[in-house]
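Down below is the structure, laid out as structure tokens.
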Amino acid sequence: MNRLLGACLLATCIGQGFAQYTDVEAWLGAGIRQSFRSDWKWSLQWENRWNQDLHWHEQGLIDVAVDRKLTKHWELSAQWRFSERQEKFGGYTPQRRAALRLNGSWKAGAGDVTLRIMGTEAWRPERNGEQFKSNVWEPTTRIRLGYGQRVWESLKADVSWEWFRRLDGDMSERWQASLAKEIAKDWDVEVAYLWGNPWRETDPWRNHIVRFQTRYTLPEVAKNKSKHIPPARVFVNGKPARSMHEDCTPCALTDLVIQEVHSKGDPADYIEIVNKGDAACDLLGWRLTDDFTSDGFTFGAVSLPSGAVWLGYEDGKNSFGFGIAAEGESLFLIQPDGLASKETTLLPALENQAQGLDSSRNWRFMNPSPGVSNEAN
């Protein structure tokens, strides 16, 4: 009896001093997002979370966010969260959270390095003029460093590490690995594994989380809908081709050249791409972007005959949606597998002037000639 009692006491002491609780959670979410005026976008995300080995519905939440592109590499985001958490003895209490996020992204090798600096504040709102029992302010600082890379044409892998610090000095970390699959042009799904680990605790509560979410991207809101913006077209000898969809071999990197760009064009910015190859080729899967960290515009099946010109206007149908900086920037043509690209460096814009390659292959300012091969000028 004494031995049994002693063993129980020893187990209790060890449990109090060195116990570790590991929880398995599941997060299920869906969201929509949309870009407008090129540098702005908004998003709405719904999510439900279960913990305690998936037996307890912890909370449901809705996130509303507005993002503003500051520079080529930085974006500022403001987020508002509405959530309801289940209490220990049943019932749900509302909670609110405001967050400000600074997101950075840079090209690194075949992928992208990302950095997010985030500050949040959560609280419980009043109900019937009375505060809930817990209305303590809980500001939190979060820093996340990640790396993402396309591992297949429509599959992207990401890994990240995030550090949390709360006002009371508590700190923790969260590791994440995810795979995102593009189901359609405007629809993707993501499966992720997250591992949470508190720091400097003798009795840590660690989390293993499986998250599934899907997102749908709404069509971009054009900057000026009062103007009719022509759809993308293929021009042969200066005249529109009858069809943009004919069977041919994929375009090679040596075939395609950005030959003319106008950042102050009428009715919108435009870009021309010419096929310098000896035969027609297909643009399917090629990407056109002004930011290596962004997918930009992905071409569908477009047949481009030898010497023909693809002409696309910003926000036109089957064309790119990003603006061309008047102060000058770089444009990238990226082949479908993402392993090779061609960069074109733009000059600061001049009024009423396009810029591009002349017949001697020199990049200079010129009179706009959309849809016409510059060698024919």
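The values are calculated or read from the model by the stated rules, or taken from the named source; none is laboratory data. Because the structure is predicted, anything quoted here is derived from the model rather than measured. Ideal geometry is used to build each Cβ from the backbone, glycine not excepted, and the neighbour counts take in all protein chains shown.
Structural remarks
So that you can scan it fast, the table gives a plain yes or no per residue for (1) in the same structural domain as A349 (by TED's automatic domain parsing); (2) within 18 Å of the chain's Cα centre (by Cα); (3) not basic (K, R):
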| residue | (1), (2), (3) |
| --- | --- |
| H208 | no, no, yes |
| C248 | yes, no, yes |
| D255 | yes, no, yes |
| V261 | yes, no, yes |
| A268 | yes, no, yes |
| L283 | yes, no, yes |
| G296 | yes, yes, yes |
| S303 | yes, no, yes |
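- Considering residues of the range 150-164 that are over 25 Å from G196 (Cβ atoms) and part of a strand (DSSP E or B) only, the residue modelled with the lowest pLDDT: W152
- Unmet criterion (only one of (1) in a strand (DSSP E or B); (2) under 25 Å from G109 (Cα atoms)) for F320: (1)
- Of the residues making up the range 336-351, those that are farther than 12 Å from V261 by Cα and over 31 Å from the mean Cα position of the chain (by Cα) number 1.
- Residue within the range 192-209 that is surrounded by 14 or more Cβ atoms within 10 Å (Cβ to Cβ), under 22 Å from P370 (Cβ atoms) and aliphatic (A, V, I, L, M) present: no
- Residue that is surrounded by the most Cβ atoms within 10 Å (Cβ to Cβ) [pool: residues in the range 82-111 that are modelled with pLDDT of 90 or more and under 19 Å from D158 (Cβ atoms)]: S105
- Flag for A98 being among the aliphatic types (A, V, I, L, M), closer than 22 Å to G60 by Cβ and either touching a Ser or Thr at 6+ places or on another chain (Cβ under 8 Å) or in contact (Cβ under 8 Å) with a residue 40 or more places away in the chain (or both): yes
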